[in-house]
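What follows is calculated from the coordinates using simple rules that are stated; it is not laboratory data. Everything quoted here is computed from the prediction, not taken from an experiment. A quick note on method: Cβ atoms are made from the backbone with ideal geometry, for glycine too, and the neighbour counts reach across all protein chains shown.
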Amino acid sequence: MKITSLVKTLISTFFLLALLTSCEKDKPAFVKTDNTAEVKRLTTIGDSYFDNFDYKNAYPLYKKIIALADPVKDRVDYVDALIGLALIYQYQGDYIQSEEMIVQVLPHLKYFKKTRFAWYTYYIQGYNYFKTDNLERALFYYRKALHLKTKSFRKWRILNCIGIVYMKQEKYKAAAVIFEKVTRDGYASRDLTLDIANRNVLMTYCVELNNLGLCYYNLKNSKALDIYEKVLKIRLAAKDKENISTSYAALSEYYLKSNPQLAAKYAKLGYQKASEVNFFADKKYCLSFLAQSTTGNELKKYTTMYITFIDSVNTAQLKQKNEFSDIKYNFKIDKEENIELKTEKAEHELEIERQKNRSFISYIVLSISFCAVLFLIFYMTKKGRKEKNDAVFKNEIRISNKLHNELEKEIHEALSFAENKNLENTENKEQFLNQLNLIYSKTRSISRENSAILTDEHYADELKEMISKYASGNLNILVNGLNSFSWTKIGRVKKITVFRVLQEILDQMETLNNASLANITFKKEEKNILIMYVDNGTKISSQYTILQKRLQNVENRIKTIKGTLNFDEQSENSFKVSFKFPL
Amino acid sequence: MFKKVLVAEDLDSISIAVVQVLEELQVPVIHHVKYCDEGLLKVKKALADNEPYDLMITDLSFKSDHRKVDLHSGDELIGAINKVQPKIKKIVFSIEDKSYRIKTLFNELGINAYVTKGRNSIVELRNAIESTFKNEEKILSSDLSFNFNDKALIEIESYDISILKLLSQGYILESISKEFKDLAITPNGTSSIEKRINKLKIYFKANNNVHLIAIAKDFGLV
């Protein structure tokens with residue numbers, strides 16, 4: 001029955017450790033830095049539940065802390081809650097979950113100067129591996145914990161754990177060495193007198209001593225009995241109801257073969273004491289020892305009891321686990337709700353982000369269109385300026401050509417006159433002055449032709465004036481319908497265009513043909529103004545081609561007011577040009 | 001000769017010449033102003049003093065300078081003076097030679113003479129002043145007279161078009177007169193219509209009525 005006693009010991013050790021762990025946790029961890037009041041409050045409540053073994057209530061609180069706390073800002077509380085949860089899972093036998101919790105602590109350990117959390121982490125890890133039969137891993141973590149600079153009592157406790165692992169590995173010698181050391185050196189400075197203040201220490205000492213006894217027992221060392229009896233004596237003196245059954249169970253096991261009656265006696269006592277505190281493990285061991293040490297009716301009785309008990313224990317464990325599952329489930333629902341809320345929040349944030357993106361995009365679109373508009377304005381201005389410059393240049397060329405055409409002869413005459421005649425002569429002087437005056441007045445009229453055109457109420461007069469300049473004794477110019485509509489309703493640009501176009505046509509006709517009669521008809525046709533020039537000049541077919549070339553400029557002008565220029569090449573005896581533009 | 005003359009001219013070289021002409025004509029009081037507003041004030045003051053001007057000689061264009069003025073041109077000055085002293089004699093002495101503008105000055109502002117600045121302008125001005133003093137009407141300097149009586153530009157009216165149309169339809173003089181009477185178009189007497197047809201023949205350089213209609217047809221007038 002080596003195994004059963006071993007398990008018994010382990011369980012008792014476990015509970016004691018749990019008790020001590022909770023004592024450790026008594027000092028609230030959040031004293032360091034904690035900015036979140038809620039996390040702090042929950043930690044206080046959670047730890048108090050934990051310390052009172054109320055894991056059902058502690059569990060959701062720790063979960064909540066983990067959900068609420070900021071792992072960086074509230075690191076202490078966060079890690080504390082994780083360790084709390086790891087322990088709770090461990091107590092419930094859920095070593096996988098426990099490990100899952102404790103793994104989350106690992107990245108935080110480097111931030112703690114004190115080794116307390118590291119020690120817990122390694123300790124819990126070691127125990128998880130121990131319980132899942134991964135003894136080497138368990139030893140690895142226990143050793144890690146052992147090498148931490150911690151308070152000595154923690155070192156002794158880890159040594160105790162290592163001893164238990166060795167026991168499980170059946171390395172009883174090694175285990176015995178450890179337990180000897182623990183029970184001797186570990187309590188060298190401790191007061192082992194029976195006192196309320198150090199009762200817990202004494203109880204732990206008893207557990208460890210008992211472990212040493214177990215080692216001796218397994219090594220067939222006779223010291224085992226002494227130790228068992230010593231432990232029993234202390235426990236009896238300390239009235240340790242919780243663990244006294246363990247001593248009886250150990251003694252029962254010790255006498256099982258050599259003295260079955262004594263073994264049965266201890267087993268009965270142990271069963272009785274274990275029943276008082278409902279220590280099901282000891283109850284189980286004691287019942288099993290009873291079943292082995294008794295005979296006949298008693299054997300039958302205890303065997304039945306043992307079977308019934310095992311069943312009930314299983315049911316109880318199952319129930320306990322189920323209850324715990326309920327809590328976990330309820331918490332899961334909470335968590336799901338939280339997740340839902342979080343999702344909503346995230347969605348909201350996403351929406352905000354989207355809107356930000358949208359406005360960002362619209363900003364980009366706006367600035368691009370703004371740039372485009374700017375560029376367009378710049379381009380149009382530049383183009384307009386270029387066109388204007390071109391127009392000015394063309395105009396200058398035209399004027400200089402005209403000056404050349406009209407004044408060349410006069411200037412040449414005047415120059416040769418001045419060279420060849422004696423200007424001292426009054427008659428010559430007068431003639432020369434007349435020549436100069438002619439040049440001046442011609443220049444002036446060219447200048448006037450190109451000066452600004454009045455577009456006010458005097459426009460019609462200005463137009464007539466211009467036309468009349470082309471009339472002479474040889475050429476009669478008839479004007480028809482010039483006043484048949486109101487010029488004031490026609491736009492300035494259109495008026496200027498009409499003026500320039502007529503001027504250009506008359507100019508060209510004057511140089512091109514020998515007409516004696518010309519007629520200009522102005523007509524208003526619905527929404528158009530039609531202006532028609534007709535003369536009786538000799539018609540030359542090439543005239544139109546030349547004119548068309550010369551009037552290129554005119555045509556462009558008409559186009560700018562959405563008008564059309566038309567040469568009537570069909571008429572037989574006359575030359576006709578007409579243009580039309582909308583009002 | 002005139003007793004009191006106002007000269008409105010912004011270029012002193014010209015005003016000196018004008019004043020010289022007036023002095024030669026032995027005008028006793030000669031006032032000279034460079035701004036139109038000042039001219040109007042002088043006229044008003046003279047009226048108030050009961051010593052009004054007999055004659056005003058003015059330019060048309062005045063260069064604008066730093067002074068803020070109400071009257072910007074000779075046209076405006078004449079218009080303003082016409083309101084206070086309509087009977088004053090007015091001679092315009094300007095570079096302007098556009099016949100329609102000059103006609104407007106005569107017809108609408110009632111100026112007495114128009115003299116263009118030119119090579120012979122002093123003589124022309126002198127003649128104009130003398131002619132004005134003799135109450136002659138519509139005096140033009142000699143270089144402008146052609147323009148003023150210019151008939152080269154002939155405005156064909158709808159009346160003429162109507163005559164041409166009826167002629168082209170074979171109407172004789174009497175029928176046209178009757179038609180005009182029916183349509184209440186005046187003048188509709190045969191003699192005035194005949195005169196008009198003769199005028200049209202001259203305008204169109206036509207030898208006879210048939211020729212006239214042919215030309216009018218060619219020109220698309222009928």
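FRET efficiency for the A:Phe153 to A:Ile352 pair, using the beta carbon distance and R₀ = 60 Å, is estimated at 0.65.
Summarising the label geometry, the points placed 7 Å from Cα in the beta-carbon direction at B:Ile95 and B:Lys45 lie 3.0 nm from one another. What would the Debye formula give as log10 I(q)/I(0) at q = 0.11 Å⁻¹ for the alpha-carbon point model of the protein assembly as shown, no solvent? At q = 0.11 Å⁻¹ the computed log10 ratios are -1.24.
Taking every Cα-Cα distance in region A:179-298 and sorting them into 5 Å bins from zero, the calculated P(r) comes out as 2, 13, 21, 22, 20, 12, 7, 2, 1, 0, 0 percent. Over all other residues within a Cβ to Cβ distance under 12 Å of A:Leu159, the charged ones net out to +3, with Lys and Arg as +1 and Asp and Glu as -1.
Suppose R0 equals 25 Å; then what is the FRET efficiency for A:Lys394 and A:Ser484 from their Cβ-Cβ distance, rounded to the nearest 0.05? The pair A:Lys394/A:Ser484 has a calculated efficiency of 0.15.
Distance between the modelled labels on A:Ser312 and B:Asn107, one decimal in nanometres: 14.0 nm (7 Å Cα→Cβ projection). With the simple model of a label 7 Å out from the Cα in the direction of the Cβ, A:Val103 to A:Lys383 spans 6.9 nm.
Taking a ≥ b ≥ c as the square roots of the Cα gyration tensor eigenvalues, region A:246-303 comes out oblate, since a/c reaches at least 1.5 and a/b does not exceed b/c. The alpha carbon radius of gyration of region A:454-582, expressed as a multiple of 2.2 N^0.38 Å, is 1.00. Grab the beta carbon distance between A:Ile339 and A:Thr132, set R0 = 22 Å, and tell me the FRET efficiency rounded to 0.05. Taking R0 as 22 Å, the efficiency between A:Ile339 and A:Thr132 is 0.15.
Dividing the mean sequence gap of close Cα pairs (under 8 Å, 6+ apart) by how many residues region A:454-582 holds gives a relative contact order of 24 percent. Lysines within cross-link reach of A:Lys300: Cα-Cα under 25 Å, excluding same-chain residues under 8 positions apart? In chain and number order, the partners are A:Lys2, A:Lys8, A:Lys257, A:Lys265, A:Lys268, A:Lys273, A:Lys283, A:Lys284.
Any idea what % of Cα-Cα pairs in region A:91-155 are farther than 14 Å? That tail contains 56 percent of the Cα-Cα pairs. In chain A, the longest principal axis of the Cα atoms and the axis of helix A:296-420 are about 20 degrees apart. In chain B, excluding the sites themselves, the longest stretch lacking any of the trypsin sites (Lys or Arg not before Pro) that are in a DSSP loop with at most 16 other Cβ atoms within 10 Å is B:4-62.
Test of understanding: in a Gaussian network model of chain B with alpha carbons linked when under 10 Å, which of B:Asp54, B:Asp182, B:Asp143 would top the mean-square fluctuation ranking? Checking each option, the largest mean-square fluctuation is seen for B:Asp182.
For region A:482-583, the set of GluC sites (Glu not before Pro) satisfying both a DSSP loop assignment and a count of at most 13 other C-beta atoms within 10 Å is given as A:Glu526, A:Glu569, A:Glu572.
Full extension of the chain between A:Ala372 and A:Asn57 yields a length gain of 106.6 nm, computed as 0.36 nm times the residue separation minus the alpha carbon distance. Within region A:195-283, report the trypsin sites (Lys or Arg not before Pro) that DSSP leaves as loop and that have at most 10 other Cβ atoms within 10 Å. Hits after loop and neighbour filter: A:Lys220, A:Lys239. Loop-located GluC sites (Glu not before Pro) in region B:120-222 (DSSP state other than H, G, I, E, B) with a sparse environment of at most 16 neighbouring Cβ atoms within 10 Å: B:Glu136, B:Glu137, B:Glu157.
Over region B:120-222, the hull volume per residue, using the convex hull of the C-alpha atoms, is 136 Å³. Can you list the lysines whose alpha carbon sits under 26 Å from that of A:Lys527, skipping same-chain ones fewer than 8 residues off? Filter leaves A:Lys464, A:Lys489, A:Lys494, A:Lys495, A:Lys559, A:Lys562, A:Lys576, A:Lys580, B:Lys165, B:Lys217.
The Kirkwood hydrodynamic radius of chain B, based on inverse pair distances between different Cα atoms, is 20.5 Å.
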